[in-house]
1. Could you tally the net charge around ALA117, taking each other residue with its Cβ under 11 Å from the Cβ of ALA117, Lys/Arg +1 and Asp/Glu -1?
2. Under Stokes-Einstein, with the Kirkwood radius over Cα pairs standing in for Rh, what whole-number D in µm²/s applies to region 1-85 at 20 °C and 1.002 mPa s?
3. Over what distance in Å are the Cα centres of region 43-78 and region 85-161 separated?
4. Mind grabbing the base-10 log of I(q)/I(0) for region 68-156 at q = 0.15, 0.21, 0.23 Å⁻¹? Debye formula, identical points on the C-alpha positions, no solvent, two decimal places.
5. What percent does the relative contact order of the chain come to when contacts are Cα pairs within less than 8 Å and at least six residues apart?
6. Show me the three semi-axes of the equivalent ellipsoid for region 19-140, from the C-alpha gyration tensor (sqrt of 5 times each eigenvalue), largest first, rounded to whole Å.
7. Give me the net charge of ALA14's neighbourhood, meaning all other residues with Cβ under 10 Å from the Cβ of ALA14; Lys, Arg count +1, Asp, Glu -1.
8. List the GluC sites (Glu not before Pro) within region 93-161 that fall in a DSSP loop (any state other than H, G, I, E or B) and whose Cβ has at most 13 other Cβ atoms within 10 Å.
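The values are calculated or read from the model by the stated rules, or taken from the named source; none is laboratory data. A quick note: this is a predicted structure, and the numbers were derived from the prediction, not measured. Note that we place each Cβ from the backbone using ideal geometry, even for glycine, and neighbour counts take in every protein chain shown. Just so you know, the surface numbers come from the protein's heavy atoms only, side chains and all, with ligands and any DNA or RNA stripped out. Shrake-Rupley method; radii C 1.70, N 1.55, O 1.52, S 1.80 Å.
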Amino acid sequence: MRLLAIDCAASLCAACVYDADAGKELAREVRDLGKGHAEHLMDVIETALRGSGIGYRDLDAVAVSIGPGSFTGLRVGVSTARGLALALKIPAIGVTTLEALAAEGASAFPGRPVLAALDAGREEFHAALYDKMLAKTYGPSVATLSELVAMAIAAEAVLVGTAAPRIAAAAGRPFDTGPIAATADIATYARLASAKKPGEKPKPLYLRGADAKPQAGFILPRQDKGNEL
């Protein structure tokens, strides 16, 4: 199976072509954009495809990071993956950023529980805990720092994700640590997706609502038409 993987969950705009049968990446394109994923993603995908020497019609599936992560980036990545899957009549497979980061932590420290946690602002964190077989035992959910410290100590977990240093500091003790990043390597998404059975269409994983909401001062009161002359 040859698979295209897409990741727009954080600052990176990344794509790779992965040969699951051979267990190897054929080509990749990764750009650290910060913003502007929508304007660059198709070019990133086409650059990866050219490097792999195959075309869209040679793909058997599309993988995509579904978050938690950037609201805009997730929408861009997931909608693109679903659009390509629909046009090519192939499955789209979602992989969370937390499970991808956890897989990398487990690769560095085999046979250990892994706590994947991302700083979500407002003193909140997006987190999931995985056992030594990488089976999910908690989350993905919004958690407080004290909750994460308690989980990390109780499980003697490997820490991964942007929140790893804060958890270790709050616990006042060292932990084995995997990648301290907002997202995993693009090939990790491809590898995990290739092991999944196609299911529901992927959708962004939003653990907290968008910050943007109407300002009260700009909401016009409704007129009672019964009082109109």
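1. Numbers: positive: ARG166; negative: ASP119, GLU124, GLU147.
Spelling it out: positives minus negatives among the neighbours equals -2.
2. Numbers: Rh = 12.5 Å.
Roughly 171 µm²/s, to the nearest whole number.
3. 22 Å
4. -0.65, -0.99, -1.08
5. About 21 percent, as a whole number.
6. 28, 19, 13
7. It works out to a net charge of -2.
8. Values: sites: GLU99, GLU104, GLU123, GLU124, GLU147, GLU156; in loops: GLU123, GLU156.
Passing both the DSSP loop test and the Cβ count: GLU123, GLU156.
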